[in-house]
Each structure stands twice: as structure tokens, then as C-alpha cells.
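Scroll down for the structure; my scribbles are underneath it.
Please treat every number below as a calculation from the coordinates, not as lab data. Keep in mind that this is a model prediction, so the values were computed, not measured. All Cβ positions, even for glycine, are placed from backbone atoms using ideal geometry, and neighbour counts span all protein chains on display.
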Amino acid sequence: MARQAGDWRVIVLTTIAPLLILSILCALHVPLGKPATLTYLYSPIPLRRIGSALALLPIAALAGYAVVLCDGLTRGRRRLGLALAALSLIGVGTWSYFAPPEHVNQHVFNMQSPSHDGAFVYEAFQFDDCRGYLRDFPQRAATPPAEMKGTRVISNPPGTTLLAYGVRRALGDAALDILDVPEGAAELRFFRLRAGVGLVTLWIFTGLWIASAAVIYGTGRLYFAEAPSAALAILSVVTPMTLLFAPGKDVAQLFTLSVPLYLWLMAWRTGRRWAAAAAGLCLAAAILVSLVHAWLAAIVVAACVVAELRGGQLGRRLMLLLIAGAGAMVGWGALWVIGVDVPSTLRAVARAQAEVTRGASAMPLMWQLLGVPIFVLFCGPAVVLALAGAFRPGAAAVGGRFARALSVGALVVMLATIGFTNMETPRLWIAFVPLLLLAAFLRTDESMASRPSQGSLGHATRRARWLGMLVAGQIAAGGLQWSLMDMRETETRLIGETPRFFK
């Protein structure tokens, strides 16, 4: 990314090109996917959505300006920049909830649907004995998808279901008052309970998604000054993909991904053993949310080891690996105490995922490969720039070696598992974005690690403006792409019409 810094034209190109391509595909009704199997639908009401998308533009401008302020000479200016960055992220989270037309109807629909996050809410109402449910989950994961009316529950560990269950128990009958609908029969009461629990769960998802930016900012500060760290956080959290799938579980798990990443990199850079233990403990809990945490942990640890092998410092760091492993063992031991057989649960989920993605009804591999260009279409300009520079020679410092190993590891895992995605890469690969961007930022010049001084003010200002423009462009483009799509098919199902560009 460093070689593009200062050239605003690459930002314009990588921002406008995907939007233009998507607009043409939408106007021509070109299916994004394999018809009759999985396609990402265009919105049937784009002209209604465009108004909401335009409301995101001032938030995009605020976020970009905040990044510029974060590179200020004075502490007050930098603090103001961070405050505005936080405000812009809160604005994005609020926008994501209220932006869809008839937003309450859409959110309630998603949180009732067994093919969306509503599957976890419905599952949370199927049991009262939490320990018994966790104990029997490996058998539950073997339930045929047709019987479950979807694959969300059986292809994910029970962590998200536990969250919905906790919300259900905490709310009790108060969930009835969250959705303003008339009282009626017992079936309607159950609907109101699920709707109330679903909406609160959705609010928690949104909060976790936005909070992940703070953790990613902390990760950035291990290496960079305030402005690059703020840009890294915003660019990792607010992409066209996250806007298209927010609010929801897939964007919320950026939080459970970023916490162990931050703790581990802190331990690796500073030698703090408590951070290594905490990283292992958090990873043990995070794997209960999604198996992707294990993949990302393997990528990061392997990148650290590869970097230190050439640096000659690995021997002194092995203790951190052992401590992190011990922390994970403690976490899994605690889960076993409450009834979770971690190995059996993870094996059952992996089998269920493989049956869905590589079973008899799985999509042919040639079609699954289409997920790569679809991912590039929706990943945002920052990731495009990161991918474009992923294999360029970096600095001789440890950061350069680590960055290369991190980017190569992430790309290898992404491409090696493409056959298990069923072309859902815009959703499933959200988790890899922070790693790709961190690697890209680590490969830039050393000035990213320092605050501006009087002698370097001109270069710092150009860098900050370029990063600010990239942030603003990505958020704005993400909103405009969002206006064209109905990725979760919610509007199409509610309206019951074939999508058309003009209506």
C-alpha cells in the first residue's frame, strides 16, 4: 500500500470501478452466482435505498477528516481526531440499523428466518437446560438441514445460540414489549417473544461490530501512530461487505476475532506473558462462535514463527506459545466443566459444514471459484490495494517478514478453502480483512510508526490525507453498493417480486 500512498487516483479508481461494474451488472440483471442454487440478489427497491445510502456520505466525510486530525502535531488535535473517528463509527452502526426501508420489518424478518441469524434465536427457544444442550450439541449438529430448515445452527458452534439464549433469559416476558404489535393468540405471543429477543440480539451484534474497531485500533497502535491505526480500524470494520451483512452475526464476530489477535500480538511484541495467557483463553471462548477463529489463529502464529525464524529470536519467544496454549487449555477445561465437549463439538460442526459445502448437493468447484471475483467486487478499495501489493518486496525489518508471512498465509487459507464456501465469500471472508489490511499497513514505510514532527510534517500530512481519502471513499462506496443489493433476500421475500433496477 505504501507505493500508492499520496496518489489519490488509485483511490478514485478502486472506489468507482467496483461500483460502476456492479451498476452495470444490476442494470443488465446479470445473476451474481449460480442460478437456482445461490445468487446474490439485487434490491427490488434501489431508489428507496439510495436515499439511505446518501445519508452515509457525511459520515464518510467525518471519518476521513477524523483520520487527518489524528496525524496532528498536538495531543489535543489527535484526541479530537480519535473522538470524531469514534463518533463516525457510532454513526455507521446506527445507520446500519435504521437504513433499510421499513427497517423494523426487515430486522424482525431476518431474526425470524431459519436461513438467517433468526435460526440462532429460534434455537434458543428450543431448550431450557443449557448444560444439557451443550452436552448434546454434537448430536444436534448431525440433524439434517431439511429438518432444521437451514444450516446456520448446525454449521456453527453453539456460541451464538448461547448469546440468544442469554438474551431470552435476561429479558423474560419483557421481550413482549419490545415489538409494538397487538396481543393475540399463543402463536402471536411466541412470535413477539422471538421478535423481542431477536431485536435485542441484533443490537448486541451491532455493538460488538462497532466495538471491534477499538480493539483493531489498539492492535494498530502496537505498530503505528494514531492516524494509520485509526485508518486500519475503520477500513477493517466498515467495508461494502460488512455494510451488506450488518447488523448480524458475521460482522459481530470481528470482535471475537480481534480480541485474541490484539492480545497475542501484544504478547509477541512486548513479551508480556499475561497477554499470551489471555490470548489463549479468549481464543478458546471465541472458537465457540466460529471455526474461522482457529484458521486465523494458525495464520497469525505461523506468521510470527516464520518472521522470528529468520530473525533468530524464536527461542526466546517459545515460552509465549506455551503460555498461550496453556491459556487455551484452561479455557477449554472451563467449557468442559459447563458441559461443552470441545473436540466433539468442533468435529461435529466441521462435519456438518463439509456436508453442506462438499456433500452430494454441494455447488461444483468451478462455480465456487466465482466467489473470488465476487469477493473482490465487494471487499472495498483498501482490500483491493492490499491484495495488489501483498507480494511486493518489503522492508528488511521483522515487520516486513511478518507482513509477508501474514498476507501469504491469509491468501493461501482463503484460496485453499474456496471449495468450502459455496460462493459465500463476501460473508465468510469478512474475517480475513483485518489480517490482510494489517499486513498491507506493515509493509509501508517506517514513518507510519511515528507521529509527525516539524521536519516531517509535509510527508505526514500527505500520508494522513491519503488515508483519510481512502477511508471516506470506502465508506461512501460501501453505502452506494449497499443501495443496489439485497444480499440476504429480505426485501425480495417481503415484497415477493422479481428485482428490477427501476421501480
task = For segment 34-67 and segment 110-188, compute the distance between their C-alpha centroids and round to whole Å.
result = 29
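Could you calculate the contour length gain from Arg48 to Met366, that is, 0.36 nm times the residue separation minus the distance between their Cα atoms, to one decimal place in nm?
Gain in length upon complete extension: 110.9 nm.
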Residues Ala142 and Ile21, FRET efficiency given R0 of 35 Å [Cβ-Cβ distance, rounded to 0.05] = 0.25
remark   = Most exposed first, judged by fewest Cβ atoms within 10 angstrom, Ile299, Ile287, Ile90 run Ile90, Ile299, Ile287
key: Where a label projected 7 Å from the Cα of Leu87 along Cα→Cβ would reach, residues of segment 53-78 with amide N under 12 Å   = 59, 62-63, 65-66
task = Take the alpha-carbon centre of segment 291-336, take the same for segment 193-241, and report the distance between them in whole Å.
result = 24
query = Over the chain, what is the mean sequence separation of C-alpha contacts under 8 Å (at least six apart), divided by residue count, expressed as relative contact order in percent?
reply = 30
ask   = Given R₀ = 60 Å, FRET efficiency for Phe190-Thr461 by Cβ-Cβ distance, to 0.05?
value = 0.55
query = If you take the square roots of the eigenvalues of the alpha-carbon gyration tensor of segment 150-237 and sort them as a ≥ b ≥ c, do you get rounded (a/c under 1.5), prolate (a/b over b/c) or oblate?
reply = prolate
key: √(5λ) per eigenvalue of the Cα gyration tensor, segment 229-326, largest first, Å   = 27, 15, 11
inquiry  = Quick check on the exposure proxy: order His116, His107, His29 from fewest to most C-beta atoms within 10 angstrom.
reply    = His29, His116, His107
ask   = Quick one: if you stick a label point 7 Å off each Cα along the C-beta vector at Trp203 and Arg135, how many nm between them?
value = 3.5
note = Going fewest to most other Cβ atoms within 10 Å around each Cβ, Trp466, Trp209 line up as Trp466, Trp209
ask   = With each pseudo-label sitting 7 Å past Cα toward Cβ, what's the Ala61-Thr94 distance in nm, one decimal?
value = 1.7
ask   = Hey, can you rank 234-247, 416-429 by average C-beta count inside 10 Å, highest first?
value = 234-247, 416-429
ask   = With each run of n ≥ 4 DSSP H residues scored as -39500 (n - 2.57), what mean residue ellipticity at 222 nm is computed for the chain after dividing by its residue count and rounding to the nearest 500 deg cm²/dmol?
value = -22000 deg cm²/dmol
task = Specify which labelled value, from (1) 26.0; (2) 23.5; (3) 25.3, agrees with Kirkwood radius over Cα pairs in Å derived from the coordinates of the model shown.
result = (2)
note = Between Tyr42 and residues 5 or more places away or on another chain, the pairs with built amide H atoms under 5 Å apart involve Asp486
key: Label point distance in nm, Thr270-Asn105, each placed 7 Å from Cα along Cα→Cβ   = 5.1
